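Shown next, in structure tokens, is the structure this report addresses.
The values are calculated or read from the model by the stated rules, or taken from the named source; none is laboratory data. Please read these numbers as outputs of a predicted model, since none were measured by experiment. Note: ideal-geometry Cβ built from the backbone for every residue, glycine included; neighbour counts use all protein chains shown. Surface accessibility is based on the protein's heavy atoms, side chains included, excluding ligands, DNA and RNA. Shrake-Rupley method; radii C 1.70, N 1.55, O 1.52, S 1.80 Å.
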Amino acid sequence: MTDIPLNGIANGTVTRPRRDIGLKRRYAAERRFRLYGILAVSVGIVFLAVMLVSIVSKGYTAFWQTTVTLPITFDQNIIDPENKRATDPNVLITANYPKLAESALLTKLGISPDDKAAARKLKGFLSDGVRAQLRAVVADDPSIIGTTRNVPILAAANIDSAFKGQIDLSVDESRRKVSDQQIVWMKQLAADGSLAEHFNKGLFSFGASSRPETSGMGVAIIGSFYMMVIVLLLALPIGVAASIYLEEFAKKSRLTDLIEVNINNLAAVPSIVFGLLGLSVFINFLGLPRSAALVGGLVLTLMTLPTIIIATRAALAAVPPSIRSAALGLGASKMQMVFQHILPLAAPGILTGTIIGLARALGETAPLLLIGMVAFVADYPGTPLEPSTALPVQIYMWANEAERAFVERMSGAIIILLIFLMAMNITAIVLRRRFERRW
């Protein structure tokens, strides 16, 4: 009978097996790694929360705009003194509309029109966009001339900021952009309900403007929509066709290996490189117009293609080989096998990759700056060939403005862009979980 060696008995004590010590060390290492992982995730969540709180706290007020509701008398002696509007429509365009608003505000505050000092201080109370605002009212209904109507007039940017509490009114008058007299008028108008905040529809409808209160994202939203449509119409069919060929039809060779390596490399290329490519090829060589949504869409298509190709190939490769064998065994051609069996099963992965690629393209700024989409565009683009801008570029332009009120607009636009990106990513997750099959 053989002796069974003990772990060791020395001086009457039994030593622990080395295996137990190793297990304890391994478990301790796993706990430390788990702790490091939780710490890393917590740090990321904290920074994300700080960023979101900072953006929302600065930008939520952009969705509200301060207006002054005034009884505007559309005096024919000011708008059309010679009654020429029937033969000369330009009379309604060149009329002195700011004088109508100034007179109404003086009357509202009980100030005599002869008080020139008060009238000068009122110059910075209403927005300079009152001319276009009242002109649009008259152009929509010329019969309003000669009548008095209550019209909500946009307050100037400084008055808007002060009314929202963004300007410290307790500091000395010389250190703020709102005078003591204007503060008194603000309180007087707020007391009778004339000065109030309303939902800022102009944020979604106005174009570019040098005045914060009349600036909006309307042109940028249309430009981004045009570009996303172009990217979807070009990148999806080209990317899916290229993926099907590489995954199902192309023979493995050095050429296909080279193509695969280059596709993977293109997915990691900085976006500004695609902007340089678009500038040299689409604008300088092909002569397409600068600042056009068409050029932006083509540049973003080139940038999005690698993402869609990689995602589509992964979705095609995830379909079990048995599906291919069964389809071919039942007499289907290779084309029938791909388009009637493989492609429908890979569709959820393809859609997910496409939406993620579109979301990345929607948030890009650098390539669009190089092709001139940073231009000052105030009018809506009728077609993708007309000058326009995009949401990320609009945010970039507002960030470079010196006036404080543009910070509010910038943060509000970031909130809108984040909502769009979150919606697109949530859609991708829902589609993947809804249609995903586990083999």
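Kindly provide the set of residues from the stretch 146-205 that are under 29 Å from the mean Cα position of the chain (by Cα) and among the polar types (S, T, N, Q), ordered by number.
Across the stretch 146-205, the qualifying residues are Asn158, Ser161, Gln166, Asn200, Ser205.
Give the residue that is nearest to Arg432 (Cα to Cα), with candidates limited to residues of the stretch 364-375 that are touching a helix residue (DSSP H, G or I) at 6+ places or on another chain (Cβ under 6 Å) and surrounded by fewer than 20 Cβ atoms within 10 Å (Cβ to Cβ).
Thr365
Take Gly329 and decide whether it is touching a residue at least 24 places away in the same chain (Cβ under 8 Å) and on the phi < 0 side of the Ramachandran plot.
no
Does Leu109 count as touching a Phe, Trp or Tyr at 6+ places or on another chain (Cβ under 8 Å) and at pLDDT 90 or above?
Judged against the criteria, Leu109 is not a match.
Between a first residue in the stretch 134-146 that is among the basic types (Lys, Arg) and a second residue that is open to solvent by less than 50 Å² (accessible area, probe 1.4 Å) and assigned to a loop (DSSP other than H, G, I, E, B), which pairs have beta carbons less than 9 Å apart while being 6 or more apart in sequence or on different chains?
Every condition considered, the pairs that remain are Arg135/Ala95.
If I go through the stretch 157-181 residue by residue, how many of them are at pLDDT 90 or above and closer than 20 Å to Gly110 by Cα?
Going through the stretch 157-181 one residue at a time, the tally reaches 1.
When the stretch 184-221 is examined, which residues are found to be touching a residue at least 12 places away in the same chain (Cβ under 8 Å) and β-branched (Val, Ile, Thr)?
Result: Thr214, Val219, Ile221.
Does Gly124 satisfy the condition of being more than 26 Å from Gln65 (Cβ to Cβ), of a type outside the set (Val, Ile, Thr) and either open to solvent by less than 10 Å² (accessible area, probe 1.4 Å) or modelled with pLDDT of 80 or more (or both)?
no
Looking only at the stretch 108-121, which residues are without any contact (Cβ under 8 Å) to a residue 24 or more places away in the chain and either more than 19 Å from Val68 (Cα to Cα) or in contact with a helix residue (DSSP H, G or I) (Cβ under 8 Å, 6 or more places away or on another chain) (or both)?
Ile111, Ser112, Pro113, Asp114, Asp115, Lys116, Ala117, Ala119
Results for (1) in a helix (DSSP H, G or I); (2) under 30 Å from Leu370 (Cβ atoms); (3) open to solvent by 40 Å² or more (accessible area, probe 1.4 Å); (4) not small (Gly, Ala, Ser), shown as yes or no for each residue.
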| residue | (1), (2), (3), (4) |
| --- | --- |
| Thr301 | yes, yes, no, yes |
| Thr307 | yes, yes, no, yes |
| Ala311 | yes, yes, no, no |
| Ala315 | yes, no, no, no |
| Met337 | yes, no, no, yes |
| Gln340 | yes, no, yes, yes |
| Leu345 | yes, no, yes, yes |
